[in-house]
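Just below is one structure, and these are the notes that go with it.
The values are calculated or read from the model by the stated rules, or taken from the named source; none is laboratory data. Predicted model, so just to flag it, every value in this text is computed and none were measured. Cβ coordinates were reconstructed from backbone atoms using ideal geometry, including for glycine residues, and neighbour counts include every protein chain displayed.
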Amino acid sequence: MQRIAEVEEKAVAAISAAASTDELKLLDQQYLGKKGELTGLMRLIGTLPPEDKPQFGGAVNKAKARLQGVLDARVESLKGGERAAQYEKERIDVTLPGLTPQAGREHVLQLAINRIHAVLGTMGFEYAEGPELEDFKYNFDWLNYPEDHPAMDEQDTFYITDDTLLRTQGTAVQGRVFEIEKPPLRHYSIGRTFRNETVDRTHAHTFFQVDCFMVDEGVSMAHLKGTLDTLASAMFGDEAKVRFRPDFFPFVEPGVDYAISTPKLFGGKWVELGGAGMIHPNILRRAGIDTEKYSGFAFGLGVERIPMMAWGIDDLRNFLENDQRFLEQFG
Ligand code: FA5
């Protein structure tokens, strides 16, 4: 009997001192569980004389019931505080302003491309597209490259088979249009081109070109100049001037390279933009076009040069590195 009172007292003291419901769970096991101290006392009953058994059993059960009551009460009182602490930890302040999702923006090259679409579209040119994996025929052969012409080395590229390659110039689209349409023609394309090129500040292995051409009666270099003047003013402002210098491309005769200058940029220095000229009669004849009646101009340009010029970007590798700090500045 003495022992029961001792265990009970010890247990009540421990329960009162417990600081958390977890601790109480342990105490529950320690005293009231299957292997608990009070439960253990009950087992002593077998060693007692028969007349003492009922009294002893009753005392243990009473102690157990009382302990259970004390324990339950303590659990209740600690639970409230613990819940409050948990709520506090997980509290969401609904009055805080929300996080604005970061919206993307159009890539600086896309901005230039959009502008070119707008300008050439307004002048009546129709958009045409060709594949990036192009036939040798359209990229070189039909563009009047004589066999083994050194100009093909200049644009040495990634051949996939003997007859297919990653196109080196947007001009390849010309032959695809000639195959399905007859003059009068006004078309342009914008797309990726590829060259086996040593990469530096002004050269990439993958870059964008615009190619544009027109075939109609009486088309001359004056139309070419007028179109390029309009394009230059739209891209760089009214003061932009276009300069032609003789150059060679197998698919034009005469051929020129052209540069742009405006007082606002690079102190009016000439910046080369691309090549141009009158479409070679061999090409028109191959396409079944009467060269007595029709003539045409063509020009091509590198898209990267436009934002480089407009914003003074001095390294075109920036365009494809996807550095947010660079891209965020435009648009
Ligand atoms: C051509 O590609 C001709 N197809 C252009 C043309 C079209 C001439 C129609 C006549 C008639 P070229 O190789 O010069 O020409 O390239 C044209 C422009 O593409 C260059 O002026 C330059 O702006 C750009 N470009 C060429 N190579 C690279 C390169 N590796 N990286 C970035 N831009 C380039």
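Answer yes if at least one residue in the range 12-22 is charged (D, E, K, R), modelled with pLDDT of 80 or more and not in a helix (DSSP H, G or I), and no otherwise. The answer is no; no qualifying residue exists. From the residues in the range 262-286 that are part of a loop (DSSP other than H, G, I, E, B) and either within 14 Å of the ligand (Cβ to nearest atom) or not assigned by TED's automatic domain parsing to the domain that holds Leu224 (or both), which one is nearest to Ser220 (Cα to Cα)? Once the filter is applied, the top-ranked residue is His280. Of all the residues in the range 184-241, those that are more than 30 Å from Leu165 (Cα to Cα), in contact (Cβ under 8 Å) with a residue 40 or more places away in the chain and in a strand (DSSP E or B) number 2. Highlighted here are the helices (runs of 4 or more DSSP H) found entirely within the range 97-182 that include at least 1 residues which are under 20 Å from Glu253 (Cα atoms) and of a type in the set (A, V, I, L, M): 150-154, 173-180.
The residues of the range 233-258 that are modelled with pLDDT of 95 or more and among the small types (Gly, Ala, Ser) amount to a single one, Gly255.
Check the range 57-66 and report whether any residue there is outside any helix (DSSP H, G or I), at pLDDT 80 or above and polar (S, T, N, Q). Step through it out loud before you land on a result.
Residues of the range 57-66 that are outside any helix (DSSP H, G or I), as a first pass: none.
No, the range 57-66 has no match at all.
The condition of being within 9 Å of the ligand (Cβ to nearest atom) and either touching a residue at least 24 places away in the same chain (Cβ under 8 Å) or not basic (Lys, Arg) (or both) does not hold for Leu320. For the range 242-261, taking the residues that are in a loop (DSSP other than H, G, I, E, B) and of a type outside the set (D, E, K, R), the one that is nearest to the ligand (Cβ to nearest atom) is identified as Phe249.
Please verify whether Arg325 is basic (Lys, Arg), closer than 19 Å to Asn144 by Cα and either in contact with a strand residue (DSSP E or B) (Cβ under 7 Å, 6 or more places away or on another chain) or not in a loop (DSSP other than H, G, I, E, B) (or both), treating the condition exactly as stated.
Working: basic (Lys, Arg): yes; closer than 19 Å to Asn144 by Cα: no; either in contact with a strand residue (DSSP E or B) (Cβ under 7 Å, 6 or more places away or on another chain) or not in a loop (DSSP other than H, G, I, E, B) (or both): yes.
The answer is no for Arg325.
Checked against the criterion of being among the aromatic types (Phe, Trp, Tyr), in contact with a Pro (Cβ under 6 Å, 6 or more places away or on another chain), at pLDDT 85 or above and farther than 30 Å from Asn318 by Cα, the candidates Tyr87, Tyr145 yield just one match: Tyr145. Residues considered: Ala84, Ala112. Of these, the only one that is small (Gly, Ala, Ser) and assigned by TED's automatic domain parsing to the domain that holds Phe207 is Ala112. All of (1) exposed (fewer than 12 other Cβ atoms within 10 Å of the Cβ); (2) in a helix (DSSP H, G or I) hold for Tyr31 with one exception: (1).
For first residues located in the range 270-284 and within 23 Å of Arg243 (Cβ to Cβ), partners that are modelled with pLDDT of 95 or more and in a helix (DSSP H, G or I) and lie 6+ apart or on another chain with Cβ distances below 6 Å form the pairs Ala276/Leu224.
Among residues of the range 92-105 that are in contact (Cβ under 8 Å) with a residue 12 or more places away in the chain, those with a Cβ under 8 angstrom from a residue that is outside any loop (DSSP other than H, G, I, E, B) and surrounded by 10 or more Cβ atoms within 10 Å (Cβ to Cβ), sequence gap 6+ or separate chain, pair up as Arg105/Leu327. When the range 205-229 is filtered for residues that are touching a helix residue (DSSP H, G or I) at 6+ places or on another chain (Cβ under 8 Å) and under 24 Å from His107 (Cα atoms), the ones remaining, listed by number, are Thr206, Phe207, Phe208, Gln209, Val210, Asp211, Cys212.
Okay, residues lined up against (1) touching a Leu at 6+ places or on another chain (Cβ under 7 Å); (2) surrounded by fewer than 20 Cβ atoms within 10 Å (Cβ to Cβ); (3) hydroxyl-bearing (Ser, Thr, Tyr):
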{"site": "Arg195", "(1), (2), (3)": "no, yes, no"}
{"site": "His205", "(1), (2), (3)": "no, yes, no"}
{"site": "Phe208", "(1), (2), (3)": "yes, no, no"}
{"site": "Val215", "(1), (2), (3)": "yes, no, no"}
{"site": "Thr227", "(1), (2), (3)": "no, no, yes"}
{"site": "Ala234", "(1), (2), (3)": "no, yes, no"}
{"site": "Val242", "(1), (2), (3)": "yes, no, no"}
{"site": "Arg245", "(1), (2), (3)": "no, yes, no"}
{"site": "Gly255", "(1), (2), (3)": "no, yes, no"}
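For the range 285-306, the criterion of being without any contact (Cβ under 8 Å) to a residue 40 or more places away in the chain, surrounded by 14 or more Cβ atoms within 10 Å (Cβ to Cβ) and among the basic types (Lys, Arg) is met by at least one residue.
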